[in-house]
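Heads up, the thing below is written out as C-alpha cells.
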Amino acid sequence: MSTEKTLAIVIRMADFSESSRVVTMFTREFGKIAAVAKGAKRMKGPFDAGLDLLSVCNIVFIRKSSASLDLLTEAKLQQRFKPKTGHLGSLYAGYYVAELLDGLSEEYDAHPLLFDEALSALGRFAGESPLDLSILRFELLVLREIGQLPNFEDCLVCGKSVAGSGHYGFKVSQGGLICPTCLGDQPNRHRVSPETAAALRALAAEGDEWTSRLVMPAQSRDMRNVVTAAICHALGRQPKMGRYLGLW
C-alpha cells in the first residue's frame, strides 16, 4: 500500500454503509479511482463537506495493492461546480462530463490533458460560452484521449483528403468519413460536408483556436449527429444525460 496525493474531480458517489460512501474520482495523476470515504455521510465528517458531485478537491488516499477499494483519508475542497442560475442545460452538461469520465476511462489510466479539459469545460458551462459547442468540444477531446476519435482528415477507402464540394458519408463502425465517389449508392445515415469536417477537426485540436470559430446552424446539427453517434459507439449505449441535453 502507498499513500498518494492528487487533484481530483468527484464523478460518482454511492452509499457504502450507514456512515460511509464509495467515491469515484477522476484525478490528474492517476486517472479514475474508486475509494471508500469512511464517515463521509456524517454531518461533521472528516471531509468538510467537500465530497459533492463535480467538486474539485485535493485528496489524499491509500492505494491498495489488491483488487479492493482504495481508502480516501482526506479531501480538501478547492472549488464547487456552480451552473448558471436557472439554466438546467448548464447543470445537465456538468453531469454529462461526469458520466463520460466515468464511462469512457479506465482505473489508473491517467490523462492529464483530459483532466484539464474537464475543468475547463465545467468553467465554460458556468459562464457565457455557447453550451452546444462547449459540449461538443469536451466530447471530441474525450474521444481523442481514449483513441476513438473518428478520422475527419481523409476518405477511409481511397485516402483522399476531405476537401471540395459534396457530402461525405460517416461510418461510425469504421471510424471516419467516406467520400461521395467511394460511397456510391451505399445508404448513409450521416452526411458531412467538407466545412463540417473542418469544424470538427478544429474542435478536436489542442489549443483555444476553436473558441473563435463561427459555426453555422446547419453545421452544428451535422456535428451533433456525428459526435453523438461516435459517443454512443464508444460507450456501447446511449448516454443517460443525452436525452436531457437533447443530443438525439
(request) Could you tell me which numbered condition V97 fails, if it satisfies all but one of (1) crowded, with 16+ Cβ neighbours inside 10 Å; (2) in contact with a Phe, Trp or Tyr (Cβ under 8 Å, 6 or more places away or on another chain); (3) not assigned by TED's automatic domain parsing to the domain that holds F138? (result) (3)
(request) Quick one: E139 ticks every box in (1) surrounded by fewer than 16 Cβ atoms within 10 Å (Cβ to Cβ); (2) within 19 Å of A234 (Cβ to Cβ) except a single one, so which number is it? (result) (1)
(request) Report the residue count in region 64-77 for those that are under 23 Å from L100 (Cβ atoms) and exposed (fewer than 14 other Cβ atoms within 10 Å of the Cβ). (result) 0
(request) Read through the list (1) modelled with pLDDT of 95 or more; (2) in contact with a Gly (Cβ under 9 Å, 6 or more places away or on another chain); (3) surrounded by fewer than 23 Cβ atoms within 10 Å (Cβ to Cβ); (4) over 25 Å from S193 (Cα atoms), then give the number of the only condition that E117 fails. (result) (2)
(message) Looking only at region 202-229, how many residues end up being at pLDDT 80 or above and acidic (D, E)?
(response) 2
(message) Which of the numbered conditions does L131 fail, given that it passes all the others? Conditions: (1) of a type outside the set (K, R); (2) within 30 Å of L177 (Cβ to Cβ); (3) in contact (Cβ under 8 Å) with a residue 12 or more places away in the chain; (4) surrounded by fewer than 16 Cβ atoms within 10 Å (Cβ to Cβ).
(response) (4)
(request) Check F47, F26, F61 and return the single one that is buried (at least 20 other Cβ atoms within 10 Å of the Cβ), of a type outside the set (S, T, Y) and closer than 19 Å to F125 by Cβ. (result) F26
(request) State all residues of region 142-172 that are of a type in the set (A, V, I, L, M), surrounded by 17 or more Cβ atoms within 10 Å (Cβ to Cβ) and in contact with a Pro (Cβ under 7 Å, 6 or more places away or on another chain); if no residue qualifies, say none. (result) V162
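Would you call P130 more than 23 Å from M223 (Cα to Cα) and out of contact with any strand residue (DSSP E or B) (no Cβ under 6 Å at 6 or more places or on another chain)?
Numbers: more than 23 Å from M223 (Cα to Cα): no; out of contact with any strand residue (DSSP E or B) (no Cβ under 6 Å at 6 or more places or on another chain): yes.
Judged against the criteria, P130 is not a match.
The rows are residues; the columns are (1) within 16 Å of V227 (Cβ to Cβ); (2) of a type in the set (D, E).
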site: K171; (1), (2): yes, no
site: C179; (1), (2): no, no
site: L183; (1), (2): no, no
site: N188; (1), (2): no, no
site: A202; (1), (2): yes, no
site: A205; (1), (2): yes, no
site: D208; (1), (2): no, yes
(request) List the number of the failed condition for V162; all other conditions in (1) touching a strand residue (DSSP E or B) at 6+ places or on another chain (Cβ under 8 Å); (2) in the same structural domain as A229 (by TED's automatic domain parsing); (3) among the β-branched types (V, I, T) hold. (result) (2)
(message) Checking L122 against (1) under 12 Å from A230 (Cα atoms); (2) buried (at least 23 other Cβ atoms within 10 Å of the Cβ), only one condition comes out false. Which one?
(response) (1)
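The values are calculated or read from the model by the stated rules, or taken from the named source; none is laboratory data. Remember, predicted model here, so these are calculated numbers, not experimental data. Neighbour counts are summed over all protein chains in view; Cβ atoms, including those assigned to glycine, are modelled from backbone coordinates with ideal geometry.
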